[in-house]
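**Student:** Starting off with a structure, shown below.
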Amino acid sequence: MRDCLVKTIRSEGFFGMYRGAAVNLTLVTPEKAIKLAANDFFRQLLAQDGKELTLVREMIAGCGAGTCQVVVTSPMEMLKIQLQDAGRLAAHQQKALRQDGPAAPTSHPPPGQPNAAESTAASKRPSATLIARELLQTQGLAGLYKGLGATLLRDVPFSIIYFPLFANINKLGQKPQAEKASFLHSFMSGCVAGSVAAVAVTPLDVLKTRVQTLKKGLGEDTYNGIVDCARKVWIHEGPAAFMKGAGCRALVIAPLFGIAQGVYFIGIGEYILGFFH
């Protein structure tokens, strides 16, 4: 993690750490809104005469929430990954040019790998709008949803783990007279549940990221689906590769879900909507 931080800042500057921030700012709000509201909807749907939900029903509600959110999550992750990977790809291309020299323009690299003629355009910093437009023009709406299966494979288990775990941890902070736990307790419950769920589905996140990376650097594998990706990662990098980025995911997901769940749980949304009634 530290090595990645140093090399990214060295090659792309401090703001290279914020690639894809605009996509996150635009889409993370509807994503979380769908996720949290869908979970509440399914929990109410599965409730029986005011009784507490069983663990199985809580997991089913989480499954429904994870399935609903991918409508926003899949294109968001697709665009974010291309933006965050642009600097690494440009470095690969420059290295290839230095190695190949004048022969690069006439060489024919494997599919998915850039040639020298494309290097100038590819090295320019892409924008989410440009990437989305190119995908829509070349592949249609399906281009934005490439890796949908991998996204479902990650987000559904995440929600199945996260929501029941959060609900039960959060319940410990509820006093008999109070309807809700305190903001601090809900925040910490979101952090703990988010960290556990994030680490648990890291292997699936690794596969999703590899599948959704459109352009490959020199010598990198291309993948024909999730199974092919898992096989190649296992053979070439070993089982430890499936846990790459687990620490980063925990550091990101913990405060993200802590804040989102805390804000959602204390009813700020309902308070704001109250002004419109």
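**Student:** So which aspartates and glutamates pass the test for LYS232, namely a Cα distance under 14 Å, with those fewer than 8 places away in the same chain ruled out?
**Tutor:** Answer for LYS232, where 14 Å is the Cα cut-off: GLU220, ASP221, listed by chain and number.
**Student:** Using a 1.4 angstrom probe with every protein chain in place, what is the largest-first accessible-area order of ASP155, ASP40, ASP3?
**Tutor:** My answer, sorted largest first, is ASP3, ASP40, ASP155.
**Student:** Students sometimes get this wrong: rank GLU237, GLU220 by accessible area, probe 1.4 Å, all chains present, largest first.
**Tutor:** GLU237, GLU220
**Student:** In addition: Rounded to the nearest 10 Å², what accessible area does MET78 have for a 1.4 Å probe in the complete protein model?
**Tutor:** 0
**Student:** Give, in nm to one decimal, the length gained when the segment between ASP40 and LEU184 is fully stretched (0.36 nm per residue of separation minus the Cα-Cα distance).
**Tutor:** Here the answer is 49.8 nm.
**Student:** Still on this structure: Rounded to the nearest percent, how much of the accessible area of the stretch 171-277 (1.4 Å probe, protein heavy atoms only) is carbon and sulfur?
**Tutor:** Result for the stretch 171-277: 70 percent of the exposed heavy-atom area is carbon or sulfur.
**Student:** Straight distance only, please: which aspartates and glutamates reach the Cα of LYS7 with their own Cα at less than 15 Å, same-chain residues fewer than 8 apart left out?
**Tutor:** Qualifying aspartates and glutamates at Cα under 15 Å: ASP85.
**Student:** Just grab the label-to-label distance for ALA22 and LYS171, each label 7 Å out from Cα along the Cβ direction, in nm (one decimal).
**Tutor:** Simple spin-label model gives 4.5 nm for this pair.
**Student:** Which order do CYS4, CYS63, CYS229, CYS191 take when ranked by solvent-accessible area (1.4 Å probe, heavy atoms of all protein chains), largest first?
**Tutor:** Output order, biggest surface exposure first: CYS4, CYS63, CYS191, CYS229.
**Student:** Excluding ligands and nucleic acids, what accessible area in Å² is computed for ARG19 using a 1.4 Å probe, to the nearest 10?
**Tutor:** 40
**Student:** Evaluate the distance, in nm, between pseudo-label points positioned 7 Å from the Cα of ASP221 and of ASP49 along their respective Cα→Cβ axes.
**Tutor:** Computed distance between label sites ASP221 and ASP49 equals 5.4 nm.
The values are calculated or read from the model by the stated rules, or taken from the named source; none is laboratory data. None of these values were measured; they are calculated from a predicted model. With ideal geometry, Cβ positions are generated from the backbone for all residues, glycine too; neighbour counts draw on all protein chains shown. The accessibility values were calculated without ligands, DNA or RNA, using every heavy atom of the protein model including side chains. Shrake-Rupley method; radii C 1.70, N 1.55, O 1.52, S 1.80 Å.
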